Amino acid sequence: MDASTSRNLTILKGAGLAAILAFPLLGFSDYVLHIAISILLWGFVYTGWSVMGRFGLVSLGHGAFLGIGAYGTTMLWNLAGLTPWIGIPLSVLASAILGLLIGLPCFRFRITGHYFALVTLALTEVARLLIVALRDTTGGSLGVTPVGVVSPEDPVSLYALQFASKTVWFYIIVGVWLVGLLIWRAVDRSMMRYAMEAISQEEDAAASLGVHVTRTKLTVTVISAAMTAFGGAVYGQYQQYINPETVSGIAISLQIVFAVIAGGMFVQLGPTVGAVITLLLGEGLRLGFGHEFHGLDVTVYGLMLVLFIIYMPRGVLGKAVEVMAARGSRPGTPSPQPGE
Amino acid sequence: MGTMLEVRDLTKRFGGFTAVDRIGFDLAEGEILGLIGPNGSGKSTTFNLIAGALPPSAGSIKLEGREIGGLSPTEVCHLGIARTYQIPRPFRKLTILENVALAAYFGANRLISRSEAWKRAEDALTLTQLPTDPSVRVDGLGAAGLKKLELARALATQPRLLLADESLGGLDEQEMDQAADMLSDIRRERGITIIWVEHIMGVLMRVVDRCVVLDHGEIIATGLPQEVAHDPKVVEVYLGTDAESVQTQVAGRSAGEAAGGAAAC
């Protein structure tokens with residue numbers, strides 16, 4: 001990338017961020033603001049998934065991490081009166097430990113590909129079933145609400161991490177989302193990325209060149225699990241309501257995978273584009289067909305997932321970047337041929 | 001010169017089958033040892049035991065006096081043993097330079113800087129006559145190029161002992177000669193000790209200092225290339241395959257050395 005392209009990109013990023021920050025000032029309804037917040041929050045979660053997913057570690061278990069983040073924080077607040085400022089780190093830690101516990105045997109015994117997806121799929125269902133089974137504490141399928149302390153008269157509680165204003169939440173979640181993008185980029189630019197690329201293609205060769213295979217896989221798994229749990233915790237605080245279906249189980253795990261594949265997992269903003277697609281699709285189908293066709297969105301997701309995997313495996317944004325790169329290089333010199 | 005590698009009573013059993021049966025040999029620092037034998041003779045198993053890809057059933061492998069039998073491939077690499085694969089295993093999603101740079105970085109157990117890793121990678125690519133251009137991808141490489149990439153990655157880890165696995169399978173005669181010269185150059189310029197596993201005896205005999213010949217998991221001959229090539233047991237094992245060409249190559253080596261010596265003067 002030459003200097004002027006790089007400068008243009010910086011300007012573009014700055015303008016994009018300014019537009020996002022100005023968004024709540026434009027006087028949109030709470031509904032529109034809610035959609036924007038949801039896109040950014042899920043964009044963060046999807047980014048977290050892609051930190052490991054992009055290296056072929058396809059986890060269908062992220063519902064479990066999401067659930068631990070959301071339920072952990074809410075339960076600690078409701079039952080122990082523990083502020084989310086402590087509850088969130090504890091839940092994130094618990095999720096990271098679970099990531100280690102599930103990852104260690106998988107990676108030691110080389111459970112990869114479909115088998116890894118199946119193991120993690122079981123994990124997410126176990127998490128959902130546990131939440132349902134422990135209904136006396138968790139509220140079961142009906143879900144649970146963090147004990148509210150804010151009201152129209154007293155709209156802000158930092159201690160309880162509850163805010164009545166959607167605008168406040170918008171800015172908080174923009175921050176969370178940006179941190180997610182920075183983590184993604186840090187991984188992308190680290191030597192760990194090369195190690196993971198190598199492992200995902202030729203595990204034995206990577207090991208014989210000095211790469212600690214298990215340790216490296218665990219590192220990305222723990223980062224991904226922790227990010228997802230954090231997203232779940234913030235989701236609970238924002239929505240003020242969680243239930244096993246929305247933060248755990250197969251449906252949400254599949255939604256994460258679909259969104260990331262649709263958006264593109266190999267580019268920084270791909271998962272966020274995936275969030276735009278899934279959220280707008282979900283809302284569009286809901287508004288267009290109402291509740292008459294319950295489950296239609298999931299059907300459409302499934303169909304689109306198949307189409308994406310066949311025709312656009314790098315996702316919408318990945319494809320766009322590819323096309324632009326091809327255009328950019330056309331007038332230039334032909335790419336050098338490798339010698340023998 | 002000290003002893004680089006000491007193999008004693010090394011045994012590997014797979015169930016009831018003994019692939020390697022109490023073999024032992026020494027390898028001097030700076031030596032090129034040819035480990036040869038027909039298919040199924042146990043040479044690849046021996047190779048994998050030294051490289052850490054398989055744990056031995058019994059016996060010991062000592063690298064400069066330190067027991068390494070049973071260590072993982074990663075640990076073995078960090079101790080200074082690098083290997084190539086018989087069937088090249090490039091990381092196709094990375095460029096050639098990235099392939100080699102990651103080997104340099106992780107081979108040094110992440111103790112060097114990124115720029116140092118890239119520098120070592122360029123050096124290894126130059127040594128193996130591959131392009132150092134950062135944009136060149138693996139896809140354009142042919143069989144010979146992929147073999148060189150295997151070698152470049154191994155060299156980038158800066159090994160003291162290089163294990164080269166059947167480097168010449170799938171190459172034409174000219175490429176084989178080049179590859180053999182390259183190993184010879186690597187030893188001369190970098191002082192790297194080499195074990196070269198090969199079942200094509202021909203071109204190997206021109207370059208190696210000493211040969212260990214395996215058959216059915218046992219060592220049937222050890223010695224100078226000329227000696228083992230005329231050893232009746234070795235001839236019998238290779239009879240009808242390339243015993244004749246082995247002897248021609250050894251003769252060629254003596255002639256080549258005389259000519260090379262004259263040219264150097």
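The values are calculated or read from the model by the stated rules, or taken from the named source; none is laboratory data. In this text the structure is predicted, and so the values were computed from the model without any measurement. Glycine also receives a Cβ, built like all others from the backbone with ideal geometry; neighbour counts cover every protein chain displayed.
Taken over the stretch B:52-61, residues that are surrounded by fewer than 23 Cβ atoms within 10 Å (Cβ to Cβ) and out of contact with any Gly (no Cβ under 6 Å at 6 or more places or on another chain) amount to 5. Check the stretch B:173-185 and report whether any residue there is touching a Pro at 6+ places or on another chain (Cβ under 6 Å) and either among the charged types (D, E, K, R) or in contact (Cβ under 8 Å) with a residue 12 or more places away in the chain (or both). Checking the stretch B:173-185: not a single residue is touching a Pro at 6+ places or on another chain (Cβ under 6 Å) and either among the charged types (D, E, K, R) or in contact (Cβ under 8 Å) with a residue 12 or more places away in the chain (or both).
Only one of A:Ala233, A:Ala195 is modelled with pLDDT of 95 or more, within 26 Å of B:Pro90 (Cβ to Cβ) and not acidic (Asp, Glu); which?
A:Ala195
Here's the yes/no breakdown for (1) within 19 Å of A:Val179 (Cβ to Cβ); (2) at pLDDT 90 or above; (3) of a type in the set (S, T, N, Q):
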position	(1), (2), (3)
A:Ile242	no, yes, no
A:Val260	yes, yes, no
A:Gly282	no, no, no
A:Arg286	no, no, no
A:Val306	no, no, no
A:Met312	no, no, no
A:Ala326	no, no, no
A:Ser329	no, no, yes
A:Pro334	no, no, no
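So for the stretch A:293-309 (the condition being acidic (Asp, Glu) and out of contact with any Leu (no Cβ under 9 Å at 6 or more places or on another chain)), does at least one residue qualify? Working first, answer last.
From the stretch A:293-309, those acidic (Asp, Glu) are A:297; that's our starting set.
Those left that are additionally out of contact with any Leu (no Cβ under 9 Å at 6 or more places or on another chain): none.
There is no residue in the stretch A:293-309 that is acidic (Asp, Glu) and out of contact with any Leu (no Cβ under 9 Å at 6 or more places or on another chain).
Just checking, does the stretch B:171-179 include any residue being within 13 Å of the chain's Cα centre (by Cα) and closer than 18 Å to B:Leu130 by Cα? So that I can check it myself, show each step before the final result.
Applying the first criterion (within 13 Å of the chain's Cα centre (by Cα)) to the stretch B:171-179 yields B:179.
From the residues that got through so far, the ones that are closer than 18 Å to B:Leu130 by Cα too are B:179.
Yes: the stretch B:171-179 contains one or more residues that are within 13 Å of the chain's Cα centre (by Cα) and closer than 18 Å to B:Leu130 by Cα.
Within the stretch A:36-53, identify whether any single residue is under 19 Å from the mean Cα position of the chain (by Cα) and closer than 21 Å to A:Val149 by Cβ, and answer yes or no.
Our first condition is that a residue be under 19 Å from the mean Cα position of the chain (by Cα); within the stretch A:36-53, this holds for A:36-53.
Filter again for closer than 21 Å to A:Val149 by Cβ, leaving A:37.
Yes, some residue in the stretch A:36-53 is under 19 Å from the mean Cα position of the chain (by Cα) and closer than 21 Å to A:Val149 by Cβ.
Every condition in (1) more than 8 Å from every other protein chain (Cβ to nearest Cβ); (2) more than 21 Å from the chain's Cα centre (by Cα); (3) of a type outside the set (Gly, Ala, Ser); (4) not in a helix (DSSP H, G or I) holds for B:Lys93 except the one numbered (1). Among the residues examined, A:Ile223 does not qualify as buried (at least 20 other Cβ atoms within 10 Å of the Cβ), within 14 Å of another protein chain (Cβ to nearest Cβ), at pLDDT 95 or above and in a helix (DSSP H, G or I).
Among the candidates B:Ala82, B:Ala58, B:Ala104, the residue that is out of contact with any strand residue (DSSP E or B) (no Cβ under 9 Å at 6 or more places or on another chain), touching a residue at least 24 places away in the same chain (Cβ under 8 Å) and more than 7 Å from every other protein chain (Cβ to nearest Cβ) is uniquely B:Ala104. Give the number of residues within the stretch A:238-247 that are in contact (Cβ under 8 Å) with a residue 12 or more places away in the chain and surrounded by fewer than 24 Cβ atoms within 10 Å (Cβ to Cβ). Number of matching residues: 6.
Residue-by-condition table, conditions (1) more than 11 Å from chain A (Cβ to nearest Cβ); (2) closer than 22 Å to B:Met205 by Cα; (3) in contact with a strand residue (DSSP E or B) (Cβ under 6 Å, 6 or more places away or on another chain); (4) not hydroxyl-bearing (Ser, Thr, Tyr):
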{"residue": "B:Gly145", "(1), (2), (3), (4)": "no, no, no, yes"}
{"residue": "B:Pro159", "(1), (2), (3), (4)": "no, no, yes, yes"}
{"residue": "B:Leu162", "(1), (2), (3), (4)": "yes, yes, yes, yes"}
{"residue": "B:Glu166", "(1), (2), (3), (4)": "yes, yes, yes, yes"}
{"residue": "B:Glu175", "(1), (2), (3), (4)": "no, yes, no, yes"}
{"residue": "B:Ala180", "(1), (2), (3), (4)": "yes, yes, no, yes"}
{"residue": "B:Ser184", "(1), (2), (3), (4)": "yes, yes, no, no"}
{"residue": "B:Arg190", "(1), (2), (3), (4)": "yes, yes, no, yes"}
{"residue": "B:Thr193", "(1), (2), (3), (4)": "yes, yes, yes, no"}
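For the stretch A:180-228, give me each residue that is among the acidic types (Asp, Glu), out of contact with any Ser or Thr (no Cβ under 9 Å at 6 or more places or on another chain) and touching a residue at least 24 places away in the same chain (Cβ under 8 Å). Outline the logic, then answer.
Residues of the stretch A:180-228 that are among the acidic types (Asp, Glu), as a first pass: A:188, A:197, A:202-204.
Applying the additional criterion that residues be out of contact with any Ser or Thr (no Cβ under 9 Å at 6 or more places or on another chain) yields A:188, A:197, A:202, A:204.
Scanning the stretch A:180-228 gives A:Asp188, A:Glu197.
Somewhere in the stretch B:141-148, is a residue closer than 25 Å to A:Arg193 by Cβ, in contact with a helix residue (DSSP H, G or I) (Cβ under 7 Å, 6 or more places away or on another chain) and either outside any loop (DSSP other than H, G, I, E, B) or free of Cβ contacts under 8 Å to residues at least 60 places away in the same chain (or both)? Checked against the condition, which is being closer than 25 Å to A:Arg193 by Cβ, in contact with a helix residue (DSSP H, G or I) (Cβ under 7 Å, 6 or more places away or on another chain) and either outside any loop (DSSP other than H, G, I, E, B) or free of Cβ contacts under 8 Å to residues at least 60 places away in the same chain (or both), the stretch B:141-148 yields at least one hit. Just to be sure before I move on: is A:Ile86 among the β-branched types (Val, Ile, Thr), in a helix (DSSP H, G or I) and within 18 Å of the chain's Cα centre (by Cα) in the structure I sent? Taking the combined requirement at face value, the residue does not satisfy it. Of all the criteria given as (1) outside any helix (DSSP H, G or I); (2) in contact (Cβ under 8 Å) with a residue 40 or more places away in the chain; (3) in contact with a helix residue (DSSP H, G or I) (Cβ under 9 Å, 6 or more places away or on another chain); (4) of a type outside the set (Val, Ile, Thr), the one not satisfied by B:Asn99 is (1). Selection of the stretch B:111-143 for residues being surrounded by fewer than 18 Cβ atoms within 10 Å (Cβ to Cβ), more than 7 Å from chain A (Cβ to nearest Cβ) and touching a Gly at 6+ places or on another chain (Cβ under 9 Å) yields B:Gln129, B:Ala143.
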